[in-house]
Amino acid sequence: MAKVYGIVKYFHPSDEAYNLDWDKFAIYSAEEILKCSTQEQFTQTLDLLFLPIMPALKSDSLPDNEALSEIFWHHQGVGFGMKNKNGPYSSERLKINQTNDTIAYRPHFGDRVNIELGKGEVFSVPIVLLHGENGTLPKSDSKKLEILNQKLDNFKVDKNGLAFRLGNVINAYNVFQHFFPYFEVLSIDWEQELKDAIVKSFTDSSKSEHITTLQKFTAPLKDGHISINAIGEEPKNFYPPISWEWIQNTLVITKVWSKDLNLNIGDRVLKINGQDSNDYFDEIESRISAGTTGWLRYRSEIESLLGQKNSKIAIEVNGKEIELTRNMDVYDQNKGFNPYEKFKNNIHYLNLTLLDWETIEYLLPELEKSSGIICDLRGYPNGQQKLINHLLKNADTAKGWLRIPKIVFPNQKNITNYVEGNWNEMMVPKQPFLGDKNIVFITNGSAISYAESIIGFVKGYNLATLVGQPTAGTNGNYNTFRLPGNIEINWTGMKVLKLDGTPLHAIGFLPDIYVEKTINGVVSGKDEYLEKAIEIINMKTTSSR
């Protein structure tokens, strides 16, 4: 039923299907299928569910009429059923006739998709219909359609019920099955992941467990943009007054904001809420979709601390259990970072996650006189791709590294065309030219999306030495859909490559020089990434004399 649902929803172009409440229909259909105990009942139920919205299921015999056009679904990424209506993604039912048939590769009237149901039975879905003055043809049996709509109107969704969970899983499966642009670079059996999520849905007993199943279902996609959130519920965005990181295979406290705590930077955390720290993180990381280990650890180090305001978390440190209260918000956690600094030997440090462009522009005369510039991109930039203009000697010529697939067939078959984008208009050289300086970019797994666009130019045009750890391996505008129960899912809807056309997804940008944090470095207050960057610039400055 899951495959039939997605192909009819996104690729069967009848007016009846277009106007259906697909979210409610997924849950209703799941409940009806659950009543089936034989293959015959299953097949009959599919017909009863889909024939009213897919009247061409049984026959394509239509009157000869020159005024008729062919109609089929044309997706740019996907917009149908998505939350954001004004972004780069869209879906429309195209009407084609002899006067406007300009699409080189498309389905034609008579094309069908056959879905195997088992025991030799096949469910056939037309993906092109005809369209006349009164809409798509042929028309549904009005009585059958009315009965289906009445059943849907009267159907009460039980948000604690099995059909609710199965409907949401089926809904989510089909969004990714037909439109997620990165399956070709992943080693993943998506159909098996669907089966596992369905099995898990039978034992889930709460909305929280359902969301966990959806998170584990989507984690193998390795998409750092994926987030699954319960909208309208009390947010879990408060921290205890500490931060921690995995350093040298040990969970270590890296910041303490309360003097009242008997904790020190460098303390090893052995247990969390009575559970071994490794096991605690294993569970959290099983719910996170991440392209690289760096992004996975960055997210899990945050998620493991987050909770509702004034909720408690217990940790075992130095043989003692300490209870902490989550009473700090995200803003408080960011206190203490330095946006700009000038070091010995005229080396300038710019924290690109904090500085705005107006400040950097003000500093340009000083940067022009510098011996070296360190750009810190450990995290999300504050909108400073304009700095790249001052590092470029020649205008950017890279094409087609942003790609939104044009999809007209199910299961992402035969994709031959993309809406391609680039930054050519933005990325032109500007004065003062800083590319003759010794430039170092610092980065790590927390650099995602827009940050990776910037780093893509740094690597693509060899503008700097990249120091640190691999980036997150996720880029491109995200798309969003909302499931029944106010469950919202964000995901990456376009394919983004490196400037040379090689894959970025689940790989990221690799540093020229790797740096690993050490526990001793954290205890002594060192920024070992920054120290390495200064060392590199000093070495280059000395060697150039």
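Brief remarks on what is shown
- Ser227, sole failed condition from (1) touching a residue at least 40 places away in the same chain (Cβ under 8 Å); (2) touching a Lys or Arg at 6+ places or on another chain (Cβ under 9 Å): (2)
- Pairs where the first residue, in region 391-420, is within 14 Å of Ile103 (Cα to Cα) and of a type in the set (Val, Ile, Thr) and the second is modelled with pLDDT under 95 and open to solvent by 50 Å² or more (accessible area, probe 1.4 Å), C-beta under 6 Å, 6+ apart: Thr416/Tyr105
- For Leu367, the stated conditions hold: it is under 23 Å from Asp436 (Cβ atoms) and either open to solvent by less than 30 Å² (accessible area, probe 1.4 Å) or part of a strand (DSSP E or B) (or both).
- Any hit, region 162-179, residues being at positive phi and out of contact with any strand residue (DSSP E or B) (no Cβ under 6 Å at 6 or more places or on another chain): no
- Region 202-229 - residue that is in a strand (DSSP E or B) and modelled with pLDDT of 95 or more and, of those, most open to solvent (accessible area, probe 1.4 Å): Ser227
- Between Glu121, Glu146, the distinction of being open to solvent by 30 Å² or more (accessible area, probe 1.4 Å), out of contact with any Pro (no Cβ under 9 Å at 6 or more places or on another chain) and at negative phi belongs to Glu121 only.
- Yes/no for Asn382 being closer than 30 Å to Ile537 by Cβ and at pLDDT below 95: yes
- Pick from region 486-518, criterion of a type in the set (Gly, Ala, Ser) and under 30 Å from Gly167 (Cα atoms), ranking: farthest from the chain's Cα centre (by Cα): Ala506
- When Asn345 is tested against the conditions (1) within 26 Å of Ile536 (Cα to Cα); (2) out of contact with any Asp or Glu (no Cβ under 8 Å at 6 or more places or on another chain); (3) free of Cβ contacts under 8 Å to residues at least 60 places away in the same chain, the lone failure is (3).
- Residue under evaluation Pro138, criteria (1) at pLDDT below 95; (2) over 26 Å from Ile53 (Cα atoms), criterion not met: (2)
- Just one residue in the set Val169, Val175, Val199 is among the β-branched types (Val, Ile, Thr), in a helix (DSSP H, G or I), open to solvent by 50 Å² or more (accessible area, probe 1.4 Å) and at pLDDT 95 or above; that residue is Val199.
- Residues of region 270-313 classified as surrounded by 15 or more Cβ atoms within 10 Å (Cβ to Cβ) and of a type in the set (Asp, Glu), total: 3
- Within region 393-409, the residues that satisfy the criterion of being of a type outside the set (Val, Ile, Thr), open to solvent by less than 60 Å² (accessible area, probe 1.4 Å) and more than 21 Å from the chain's Cα centre (by Cα) are Ala395, Asp396, Ala398, Phe409.
- In region 150-160, of all residues being in contact (Cβ under 8 Å) with a residue 12 or more places away in the chain and open to solvent by 60 Å² or more (accessible area, probe 1.4 Å), the one that is farthest from the chain's Cα centre (by Cα) corresponds to Lys151.
- Applying the condition of being out of contact with any Phe, Trp or Tyr (no Cβ under 9 Å at 6 or more places or on another chain) and without any contact (Cβ under 8 Å) to a residue 24 or more places away in the chain to region 68-103 and asking which residue is nearest to Pro484 (Cα to Cα) yields Lys85.
- Taken across region 280-301, residues that are at pLDDT below 95 and closer than 21 Å to Gly521 by Cα do not occur at all.
- Any hit, region 257-269, residues being farther than 29 Å from Leu186 by Cα, free of Cβ contacts under 8 Å to residues at least 12 places away in the same chain, among the basic types (Lys, Arg) and open to solvent by 40 Å² or more (accessible area, probe 1.4 Å): yes
- For region 71-116, the set of residues classified as over 29 Å from the mean Cα position of the chain (by Cα) and buried (at least 19 other Cβ atoms within 10 Å of the Cβ) consists of Ile71, Ile96, Pro107, listed by residue number.
- Scanning region 24-43 for residues that are in contact (Cβ under 8 Å) with a residue 24 or more places away in the chain and open to solvent by less than 50 Å² (accessible area, probe 1.4 Å) turns up Lys24, Phe25, Ala26, Ile27, Tyr28, Ser29, Ala30, Ile33, Gln39, Phe42, Thr43.
- Scope region 230-256; condition touching a residue at least 24 places away in the same chain (Cβ under 8 Å) and at positive phi; matching residues: Gly232, Gln248
- Subset of region 1-23 [polar (S, T, N, Q) and open to solvent by 10 Å² or more (accessible area, probe 1.4 Å)]: Asn19
- Glu66 vs. criteria at pLDDT below 95, part of a loop (DSSP other than H, G, I, E, B) and of a type outside the set (A, V, I, L, M): yes
- Selection from region 310-321 of residues that are under 31 Å from the mean Cα position of the chain (by Cα) and either modelled with pLDDT under 95 or polar (S, T, N, Q) (or both): Asn310, Ser311
- Top-ranked residue of region 519-545 - restricted to ones that are under 22 Å from Asn351 (Cα atoms) and assigned to a loop (DSSP other than H, G, I, E, B), ranked as farthest from the chain's Cα centre (by Cα): Ser524
The values are calculated or read from the model by the stated rules, or taken from the named source; none is laboratory data. Just so you know, these numbers come straight off a predicted model, no measurement behind them. All Cβ positions, glycine included, derive from the backbone under ideal geometry; neighbour counts span all protein chains shown. With ligands, DNA and RNA removed, areas are computed over all heavy atoms of the protein, side chains included. Shrake-Rupley method; radii C 1.70, N 1.55, O 1.52, S 1.80 Å.
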